[in-house]
Protein chains: 6
Amino acid sequence: MIYLTRRERFCAAHRMFREDWPDDKNKKVFGKCSNPNWHGHNYILWVTVKGNVSDEHGFVVNINTLKLIIQERIIEKLDHKNINLDVDFMKGKIATTENLAVAIWNELKPHIEIDGALLHCIKIAETENNSIEYYG
Amino acid sequence: MIYLTRRERFCAAHRMFREDWPDDKNKKVFGKCSNPNWHGHNYILWVTVKGNVSDEHGFVVNINTLKLIIQERIIEKLDHKNINLDVDFMKGKIATTENLAVAIWNELKPHIEIDGALLHCIKIAETENNSIEYYG
Amino acid sequence: MIYLTRRERFCAAHRMFREDWPDDKNKKVFGKCSNPNWHGHNYILWVTVKGNVSDEHGFVVNINTLKLIIQERIIEKLDHKNINLDVDFMKGKIATTENLAVAIWNELKPHIEIDGALLHCIKIAETENNSIEYYG
Amino acid sequence: MIYLTRRERFCAAHRMFREDWPDDKNKKVFGKCSNPNWHGHNYILWVTVKGNVSDEHGFVVNINTLKLIIQERIIEKLDHKNINLDVDFMKGKIATTENLAVAIWNELKPHIEIDGALLHCIKIAETENNSIEYYG
Amino acid sequence: MIYLTRRERFCAAHRMFREDWPDDKNKKVFGKCSNPNWHGHNYILWVTVKGNVSDEHGFVVNINTLKLIIQERIIEKLDHKNINLDVDFMKGKIATTENLAVAIWNELKPHIEIDGALLHCIKIAETENNSIEYYG
Amino acid sequence: MIYLTRRERFCAAHRMFREDWPDDKNKKVFGKCSNPNWHGHNYILWVTVKGNVSDEHGFVVNINTLKLIIQERIIEKLDHKNINLDVDFMKGKIATTENLAVAIWNELKPHIEIDGALLHCIKIAETENNSIEYYG
């Protein structure tokens, strides 16, 4: 079993808040992350798949195919977008990195498990100090 | 003459566009950076001052003082904010990194030139691939 | 189950040696790390906690609370200090990164497991080439 | 149980292709990685061993010993070399990072498990975006 | 005057040697960099242009245009190639980073000075420890 | 004129204080950097030399020669040492990064200007946020 990780990046705006909470409660729970006019990040995404090494070509999966799937399913929907307003798979969810990691897992899983490989981990760094990992 | 550089970071949303241009012209000139619902970045800011090393304490300037000035004048106004909507010194300007670097220079210059040091350079990285430097 | 990692940094002096060994044995076992007048590092610390994502706020734990606990329990005791001489939870231990990781785990565990989250990993990088992980 | 990771680097040329495939099939499967005149990378290698912390010296293993073993068994054979042509333990294998990680595991395992420690992981980054992990 | 820097990357093989020197002289002058079967690097290239900020759009130059010029003129010719054998603008030159920086300057200068901007610097990092800058 | 930069690293302890000042004045001016039991850093040093590219071998200077000079004159004296107590060229100076950069310049200049190259810049990063440059 070999683990292959592809790093991708996207720049997006977001805001953490609940519509059903008053402003002061949002402020108390989410702090400056709930500022009303949005803020944003250079998110870094690591997608890890696992599988056997093919005797034929020596890959777990072809990384170019993997890259295209991540680009089409995830990066094009998130890059230079507003996570709260523009991203179909985040609709109705609080825009935390935790929820984003789970949503990206669910988006990718049906499409990325090619050539017998399995999705193993979604890791997202929101800043150089804060990151999230999800293993399904 | 010694050059001292302090790195700081801020996470902000922005959008590049001109109100007096139609949407298609904004799209043509600014591309995905003009998406209407904002996007954002983890901006990295490097402030460089230059001066003589003090015989008394061996510093160009006290870096804790420098840090507080940058925090108060720049980071508190930009971090977790929308550059187009929330930042007084960017009002009426297109929110490019070029304009941001010049505006930060103008904001900092009257306050940061302590102990005989001079402001030398404002450098901002918007992504790991794109950065701007301004020397006044 | 989601894993949340917070990165923190501290700058500290240390020296690896045993008082009950002669100098030449300390030199043989610990090499230049046993130099008598200390040396130091910019240590990087990653604290990983794991737990379920709250439906209420979309977090595993509030990262600001996590940050404050790590600051108060660990960083304030280590940053700009001498690990051998100044740090209560390292007293009587050889100041290796291995022992430091275990000690930080023991210091943090009773305080950091808030909101149902569990401490998962303490990782410390001593240099860009050497790092230690401890999972309890 | 503590995990200790040592980072090393090597600069090498390689090419992905099969001699028993025609050029167009190599091109289709391996893309630009099959270009006939080679290309190369600054590979980063992380070797992780695991074991108990010694009461005597506070290490899992002495990192200087570990470093020498990795240098002698791996880095000297790969650094400034051609992976396809110069490296005995890669002869007859397609020069993918997957195959390289498995081969390095097999080379190191008999020599690196000193002081009761076990080899835990070989991680190789080929570029800043692509990496492989192997756990045996 | 504002300075805008774009970072790009390319993975290439090379070898330092002179055909008119015997092997032992090449070995003496160039060391392991003259190994006959090539080695390679993940080169990082920073292209800096300087100019005035446009009142119309707030840019020095449009970074997407800049990116396309660097891609077409430089990256496509170097990435996944052999610098000694495949790159027209390096023919007949020793494949040092110094010569590469000068050659890239000469390749880019006639094409990259758009919108009144001037080419300011070509910087290339061959490894994380060695880099070259050329200002024309 | 080409600029060549070599990066080196050293891990050292230091403390900022003046013996002729009382403790409270040292504390007021130098803050936690004056803690009596020392602290330390992973210092990063960049040495830049400038010169013409040799037609004979395509280098400004041979980087292996440069590396050896920096190792012998600087790194061996600073690495795993106490800057205040162990380093001859820092005796009697306050151990700030500013003073260290000037002292390293003075140590290297007579030895590093080989093959017609000139010393151009000494840059030292004390932490990921603070750095100093000196151009003589």
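Coordinate-derived values only; no laboratory data. Remember, predicted model here, so these are calculated numbers, not experimental data. No Cβ is skipped: glycine too gets one built from the backbone with ideal geometry, and neighbour counts run over all protein chains shown.
General remarks:
- The number of residues in region D:90-136 that are surrounded by fewer than 17 Cβ atoms within 10 Å (Cβ to Cβ) and either in contact (Cβ under 8 Å) with a residue 40 or more places away in the chain or part of a helix (DSSP H, G or I) (or both) comes to 10.
- The condition (being hydrophobic (A, V, I, L, M, F, W, C) and away from chain B (no Cβ under 14 Å)) is satisfied by just one residue among A:124, A:44, A:74: A:74.
- Residue within region C:3-21 that is β-branched (Val, Ile, Thr) and touching a strand residue (DSSP E or B) at 6+ places or on another chain (Cβ under 7 Å) present: yes
- Condition broken by residue D:40, with the remaining ones in (1) touching a strand residue (DSSP E or B) at 6+ places or on another chain (Cβ under 9 Å); (2) on the phi > 0 side of the Ramachandran plot; (3) not aromatic (Phe, Trp, Tyr) satisfied: (2)
- Condition met for residue F:74 (more than 20 Å from residue F:20 (Cα to Cα) and touching a residue at least 60 places away in the same chain (Cβ under 8 Å)): yes
- With respect to the conditions (1) charged (D, E, K, R); (2) within 24 Å of residue C:31 (Cα to Cα); (3) touching a Ser or Thr at 6+ places or on another chain (Cβ under 7 Å), residue D:76 lacks only one, and its number is (3).
- Test result for residue C:55, away from chain F (no Cβ under 14 Å), in a loop (DSSP other than H, G, I, E, B), charged (D, E, K, R) and closer than 30 Å to residue A:16 by Cα: yes
- Residues that are touching a Cys at 6+ places or on another chain (Cβ under 9 Å), more than 9 Å from chain E (Cβ to nearest Cβ) and not in a loop (DSSP other than H, G, I, E, B) were ranked within region D:1-25; the one that is farthest from residue D:118 (Cα to Cα) is D:5.
- Subset of region A:26-40 that is in a loop (DSSP other than H, G, I, E, B) and either without any contact (Cβ under 8 Å) to a residue 24 or more places away in the chain or of a type in the set (Lys, Arg) (or both) - its residue that is nearest to the other protein chains (Cβ to nearest Cβ): A:37
- Members of region F:47-89 that are surrounded by fewer than 16 Cβ atoms within 10 Å (Cβ to Cβ), among the polar types (S, T, N, Q) and under 18 Å from residue C:39 (Cα atoms): F:71
- Boolean, residue C:60 is touching a helix residue (DSSP H, G or I) at 6+ places or on another chain (Cβ under 7 Å), touching a residue at least 40 places away in the same chain (Cβ under 8 Å) and not in a loop (DSSP other than H, G, I, E, B): no
- Selection count where residues are touching a Lys or Arg at 6+ places or on another chain (Cβ under 8 Å) and of a type outside the set (Gly, Ala, Ser), scope region E:82-111: 10
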